[in-house]
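Report on the following structure.
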Amino acid sequence: MSLQNVNDLITRGKAKLIPGAVQEALDEGIAAPEILDTMIAAMDVVGEKFKNNEIFVPEMLISAKAMKKGVEVLKPHLASGAVGSMGKMIMGTVAGDLHDIGKNLVIMMIESAGFEVIDLGVDVPVEKFLSTYEENPDTKIIGCSALLTTTMPALEQTVAAINAAPWRSKVKVMVGGAPITQEFADKIGADAYTPDAASAAKRAKELVA
Ligand code: B1M
């Protein structure tokens, strides 16, 4: 019942009501990852409705706001590690792409796995990934997110620029985002691809082990 409520409030973009609903689900003993899965599934419904012209960008945006409010309540229940002990990671959504919910979830799980994350935000130009590494040469991993098929080329260009950098052998490159596949990651020369935030954190730990 409360999971259904969480789902409804995300799809309807009820940012003010969602924290209470998420808290209610937690109080009922529903595990935080299960609540998060419900929220992600709700965003998929939003995406489908957008694709079918049943809703438009503003509705997608208010659902995104609701999702963010819900994640704030879940965060302490999902993330728990000692931040920084595994080293530094740089994360950003590639140029031309404004989607950040997935990136933020990946950051949350990676921080929880013990990394200190430098979040470059969204619409990050290639040069910014490079200059941030050069300012932080102790960085172990650079992570790039892309949510649009139209920004897959920007992901490819970002990874190509990192691959051409003189310090390439000192850092690992992770990529992800809904349209990205292992095959694409291999093609563009990334070190790792993962489909979701939990597996991203696991893979990050393996990469620096
Ligand atoms: Co946009 N959007 N959107 N959108 N949006 C999608 C992505 C879309 C699939 C919707 C659809 O048509 N069904 C579609 C893309 C189609 C395509 O490319 N084939 C789309 C479109 C078309 C657009 C616009 C072009 C619409 C327009 O303007 N006409 C526009 C583009 C703007 C731009 O970026 N330049 C646009 C805008 C927006 C909003 C700004 C309104 C808003 C984003 C708000 C925000 O992020 N702050 C938005 C939203 C909310 C969505 C949907 C509905 C939800 C995205 C989301 O947050 N998902 C989305 C439909 C969908 O995803 N089902 C859609 C939940 C999130 C947890 O999942 O981001 O996949 P995800 O992240 C996952 C994994 O991918 C992975 O882990 C995460 C957690 O498990 N992952 C990584 C992500 N990064 C990773 C990095 C890693 C590893 C794993 O390693 C480094």
Across the chain, how large is the tail of the calculated P(r) beyond 32 Å, expressed as a percent of all Cα pairs?
18 percent
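How do ARG203, ARG12 stack up against each other in accessible area, from largest to smallest, with a 1.4 angstrom probe? Kindly include the intermediate steps, with their values, before the conclusion.
Details: ARG203 75, ARG12 140 Å².
Ranked list, largest accessible area first: ARG12, ARG203.
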Given a 1.4 Å probe and heavy atoms of the protein chains only, how would you sort LYS65, LYS75, largest accessible area at the top?
LYS65, LYS75
Of the convex hull drawn through the C-alpha atoms of segment 130-171, the volume per residue in Å³ is 63 Å³
Please give the Cα centre distance for segment 167-187 versus segment 94-164, rounded to the nearest Å.
10 Å
Using the alpha-carbon atoms, what tilt in degrees (0 to 90, nearest 10) does helix 152-164 show relative to the longest principal axis of the chain?
30 degrees
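Could you do me a favour and compute the accessible area per residue for segment 15-174, 1.4 Å probe, result in Å²? Intermediate values should be presented prior to the final figure.
Working: 7750 Å² over 160 residues.
Heavy-atom SASA per residue in segment 15-174 reads 48 Å².
Probe radius 1.4 Å, ligands and nucleic acids ignored: give me the carbon and sulfur share of the accessible area of the chain as a rounded percent. List each step's numbers first, then the result.
Working: 5760 of 10300 Å².
In the chain, the share of accessible area belonging to carbon and sulfur is 56 percent.
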Run through all the Cα pairs of segment 113-209 and give the fraction in each 10 Å bin from 0, expressed as whole percent.
15, 54, 30, 1
List GLU111, GLU135, ordered by accessible area with a 1.4 Å probe, largest first:
GLU135, GLU111
In degrees rounded to 10, the 0-90 angle between helix 57-78 Cα long axis and the longest Cα principal axis of the chain is 80 degrees
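The values are calculated or read from the model by the stated rules, or taken from the named source; none is laboratory data. All of these numbers come straight from a predicted model, not from anything done at the bench. When the accessible area is computed, the model is the full protein with side chains, heavy atoms only, and any ligands, DNA or RNA have been set aside. Shrake-Rupley method; radii C 1.70, N 1.55, O 1.52, S 1.80 Å.
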